[in-house]
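We did not get these values from a lab; they are worked out from the coordinates using the rules stated. The model shown is predicted, which means the values in this text are computed figures rather than measured ones. Cβ coordinates were reconstructed from backbone atoms using ideal geometry, including for glycine residues, and neighbour counts include every protein chain displayed.
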Amino acid sequence: MLPPRAYIFIGLNAVRALSIISMVLVFASSIFVMARDVEAFNAFMALSDHASLACEYIPNSDVPNQPAGIFWAVINRILILFEVIMLILSEVGWPAAFFNHFFPVLGRDFGLGPLGIFQCLLGAMILSHHVDDFTLVAAFFLFALGCVNMLLGLVFRESAKWRRSILAWREQAKSILPSAEDIRPPFARPTSTFMSNIFKPKGEQGQAVDEFGKRAGYGFGRQGEKAAGLKGFLISKPLETLPRYAPSTQPERPASSRVATPEPRFKSSNTAI
């Protein structure tokens, strides 16, 4: 059995698919109606009899019989096409950065309520005119999906688009899988002042403070020996000895078998050599 969020994901994406289909139908019907209105207007202008000039709408169309009536009818259909394209791109979610910056109500930070309002407005605008059966069904379908989107926007609010997002579903699926916990101890990188405290002059080292708020280390000198003695540690000085295989620093002079010769003296002087 699937979890509840899976049913929510499937339901929201099913509504999105139906919404895209309804807007594609409205797009096609708007092009069909615009082409039919232009043909009816051309036929009306070619006939131009006095009986037809008195009617309020051009026959077989929804173009009003007034100055620039065909112009505003075509502009109306072009705007509907443009709005439908924007709503389809919003449902697809591309380009998301464009909608978040220029049309925030259709971006990811808003729910499905604004989308449903736009769909209801388009459906009501098309249904307010006399149209053929295909356009009537497409507009009514779009209006019904707009009401559903407004209801979903009230229920899920701004999280509706996140709940139906495929990328968000993948991220949630990754969190279900077990993850290995890293039990290694964290590596503490020494601070930038560690080396500078070591190489400071002797007078400044006593005032140095490490990253934990304590005083700097005592090193291996007299201060370190004092600190170790206070804590109960004894530091003994090793004896200066050499290993057996090390040569002697002052080699002994070999003993000579020669007897020391007497010091020569001269008859003229007792001290002359």
Next on the checklist: Students often check this: by mean Cβ neighbours within 10 Å, which of 98-107, 118-127, 131-140 ranks highest, and how do the rest follow?
Outcome noted: 118-127, 131-140, 98-107
Item to check | Sequence ranges 82-91, 21-30, 153-162, ranked by mean other-Cβ count within 10 angstrom, highest first | outcome: 21-30, 82-91, 153-162
Next on the checklist: Sorted from largest to smallest, which semi-axis lengths in Å does the alpha carbon gyration tensor of the stretch 40-133 give for its equivalent ellipsoid, taking the root of 5 times each eigenvalue?
Outcome noted: 38, 13, 9
Checklist outcome for this item: Rh_Kirkwood(the stretch 4-176) over Cα pairs, Å, one decimal, evaluates to 17.8
Checklist entry - Suppose R0 equals 51 Å; then what is the FRET efficiency for Phe102 and Leu47 from their Cβ-Cβ distance, rounded to the nearest 0.05? => result 0.65
Item to check | Full-extension gain in nm, Ile21 to Leu230, via 0.36 nm per residue minus C-alpha separation | outcome: 66.8 nm
Checklist outcome for this item: All alpha-carbon distances of the stretch 4-43, grouped into 5 Å bins from 0, give the whole-percent distribution 6, 21, 14, 12, 12, 8, 9, 6, 5, 4, 2, 1
Next on the checklist: Per-residue counts of other Cβ atoms within 10 Å, averaged by peptide: what ranking do you get for 6-13, 143-150, highest first?
Outcome noted: 143-150, 6-13
